[in-house]
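Working notes, structure below.
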Amino acid sequence: MSRTFSEDAVYVADSSLRCDHLLWSLVLAAAAGDVLLTITGLSLCFTEANPVARAFLDVAGGAGLVALKLAALAVLVGVYRVVRPLFRRAALVAFFTPQLLAVWHNGILIARHAGGCG
């Protein structure tokens, strides 16, 4: 007997929590890496490209950046709790993917250009 899409969705959503734990680990690692590499780059000579993050940095420095990231994580937790199980993992992936790209980009910038600052 073939499954309908909704049955498959429930099956995928009800699978082991190990996947969710891995995704949450990636979310937290990407968020921490983004904050740390951003602060490192700013301490060298780089500027923040994101205007929202730059506004938080202008008002409260590194603490403002941490507050912004914590607020984004709080929104993610809220979304995770209210959406259907099928979409929870998608929300986690959607959150950490751009941050991992930012970590990669910032890491390259720091490795290539940190010595040229000053």
Check: So what J values fall out for the stretch 91-108 if you push phi through Karplus, 6.51 cos²θ - 1.76 cosθ + 1.60 with θ = phi - 60°, rounded to Hz, Gly and Pro as x?
Finding: 5, 5, 5, 5, 6, 7, 4, x, 5, 5, 5, 5, 4, 4, 4, 4, x, 5
Check: Given R₀ = 41 Å, FRET efficiency for R18-C117 by Cβ-Cβ distance, to 0.05?
Finding: 0.45
Next item on the list: Once you have a ≥ b ≥ c as the square roots of the Cα gyration tensor eigenvalues for the stretch 22-62, tell me rounded if a/c is under 1.5, and otherwise prolate or oblate according to whether a/b is larger than b/c.
Entry: prolate
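Which whole-number value in Å² is the accessible area per residue of the stretch 34-93, probe 1.4 Å?
Numbers: 3570 Å² over 60 residues.
With all protein chains present, the stretch 34-93 gives 60 Å² per residue.
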Next item on the list: Roll a 1.4 Å probe over the protein heavy atoms and report the accessible area of V75 in Å², nearest 10.
Entry: 90
Notebook entry, point to check: What list of ³J(HN,Hα) values in whole Hz, one per residue of the stretch 19-25 in order, does the Karplus curve 6.51 cos²θ - 1.76 cosθ + 1.60 (θ = phi - 60°) give from phi, with Gly and Pro shown as x?
Noted result: 5, 4, 4, 4, 5, 5, 4
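Which shape class applies to the stretch 68-118: rounded if a/c is under 1.5, otherwise prolate when a/b exceeds b/c and oblate if not, where a ≥ b ≥ c are the square roots of the Cα gyration tensor eigenvalues? Walk me through the intermediate numbers first.
Details: a/c = 8.44, a/b = 2.72, b/c = 3.10.
Oblate shape, in that a/c is at least 1.5 and b/c is the bigger or equal ratio.
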Checklist line | Extension gain (nm, one decimal) between A67 and A90, 0.36 nm per residue minus Cα-Cα | finding: 5.9 nm
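The values are calculated or read from the model by the stated rules, or taken from the named source; none is laboratory data. Note that this is a predicted model, so its numbers are computed, not measured. Please note: Cβ atoms are built from the backbone with ideal geometry, for glycine as well, and neighbour counts cover all protein chains shown. When the accessible area is computed, the model is the full protein with side chains, heavy atoms only, and any ligands, DNA or RNA have been set aside. Shrake-Rupley method; radii C 1.70, N 1.55, O 1.52, S 1.80 Å.
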